[in-house]
Every structure is written in structure tokens, then in C-alpha cells.
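All remarks here apply to the structure that follows.
Read-outs throughout are calculated quantities, based only on the coordinates presented, and are distinct from any laboratory measurement. These figures come from a predicted structure and were not determined experimentally. As a convention, Cβ positions derive from the backbone with ideal geometry for all residues, glycine included, and neighbour counts pool all protein chains shown.
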Amino acid sequence: MPLPDISAQCHAAIESGRGFVALLSSEFYDEDEDVLTPSERDRASRFRRDADRKNFVLGRAALRALIGADACEQMTVGVAGKLYLDVGPAFSLSHSGSWVAVAVGLFDPVGVDVEAIACFQPGLLNIVCSKAERAWILNQPSKAEPFCQCWTRKEALLKAAGLGLVGDLRKIPSGVGSSPLVKLPVEARLHDLSRYVDGPYIVSAAFPPSIGEISVIVQSGWDCYRFDRTVLPEIGSQSQWLE
């Protein structure tokens, strides 16, 4: 079915000071490539897997629905591949399996990452996670899901900062098992949105620290989730920040 008009919900969220995330399944939507620019259609044609092509088309179509076709024509690409608007909202795209995530905020940093939970590989712990993160993951009954949560939070942060998977990932804080407020590589508040998707997936988003509430649209349903202030306390104490 075609993608519904979700621009009004996105604009309402942003104007109210909230972040916005659309979580869409390519199993439900089949977007026409005619909505893409010639360069985007060329890129879509180069995907080897049909599922990846559908996710790419759906992600770009959803972005047009959220920020407008005219704005999409003005996008520029950063050094690490992050899409930008010189004037307009900040946004981020991600897809994995059948899920596509689009995050939009009034200003940067904005980053989102969705990943399918894969088999746990212990060898990745020392490459990706800090000592505290490793201890937290190894203390969990299941290791794959908490590791994936740690990974998606780091990638959401790197996307928000306009960086690729470069440098020492152990120095990128994930906030798992501790604080959702981080200072590196950008000051941001991390959000776990995994509860909204079906199947073995983890979704993490990074927004400016001042945003403690996110509006989420999942496929054709709508939900507004208010974060518990006892879990995500108001900013003020330096001890609440992770560096």
C-alpha cells in the first residue's frame, strides 16, 4: 500500500519541541520509484538485493513526506555520507531487514539506527565496547540484545555527529546501564525505541539533550511516548553526563 501522509504529525511534534521518528516496514509499503530524483533512482538500481532497494526507496519517499519534496531537492551530502539541509530540519535515515527508520528534529544532533539482532560475537566486545559496557553486557542473561543496543546507540550518535564508523568505538559512550546523556562525539540524549518494532530488532535514536519526548509513528499507527523523568532526569548535574 502507498505511504500515508505523515507530515502533519511530524510538523506538530517538531513545533511542540519534540523529536519525531517514523518506523516503517517495507512489508507494508511499496513505494513507486518515480518519487525519487534521477540520481536516487540510479542508486536504487545498483542494489543487488531487492529488499535493500525497497528499503532505500521507502526511506527516501518517507523523507519527502516528512520534510517536503522541495527540501529534499536541496539536500547536500557530508563527508561521511550524512544528508544535510543548509536551511531546515535535521534528519537521519536507517534501515535493517524490513524496517526503515526516519528521525527528524528541529536542529542537530539527530541520528537514528535500526539493526537486526544478530548472533552474539564475543570477539567484538573488545573492539566496540568500553570496559563498563562489556561488564554490563556480560552480566545480562542474553548477550546479543544488549550488545546490539550498545552498538545502535553508538551508531546513532556517530550519525548525529555526521561521522562514520571511524576511530576507537570504545570511546563512544552508549549510555547502556547508566545515563542517556552523553557529551561525545556530540552532546545528545539517547532514546531506546525498540519496543515499537516487531521482531528481533533494536532501534536507538539520538536527539539534542533538551528533547526528552519523542513522537513515534509505526507503520499506520500513532503513539506518543513520554519518557519517565525518574529514568531520564532533567539536565543539570555533571554526574548525569557520560563522556
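Remarks
- Between Ser178 and Leu85, the C-beta separation translates, for a Förster distance of 35 Å, into a calculated FRET efficiency of about 0.60.
- For trypsin sites (Lys or Arg not before Pro), the sites in the range 120-180 that DSSP calls loop and that have at most 16 other Cβ atoms within 10 Å are Lys143.
- Of all lysines in the structure, the ones whose alpha carbon falls short of 18 Å from that of Lys143, not counting any fewer than 8 places away in one chain, are Lys131, Lys154.
- Ordering Ala44, Ala13, Gln140 by Cα displacement along the dipole of the range 7-242 toward the positive end leaves Gln140 in first place; charges were set at the Cβ atoms of Lys, Arg (+1) and Asp, Glu (-1).
- Alpha-carbon centroids, the range 7-77 and the range 122-164: separation in whole Å: 28
- Crossing angle, helix 144-160 versus the chain [Cα axis fit, 0-90 degrees, rounded to tens]: 60
- Approximate spin-label separation Ala71-Asp42, in nm, with each point projected 7 Å along Cα-to-Cβ: 2.6
- FRET efficiency, Glu187 to Glu145 (Cβ-Cβ, R0 41 Å, nearest 0.05): 0.90
- Under 19 Å from the Cα of Lys82 - aspartates and glutamates, other chains or at least 8 residues apart: Glu40, Asp42, Asp52, Asp70, Glu73, Asp108, Asp113, Glu115, Glu155, Glu187
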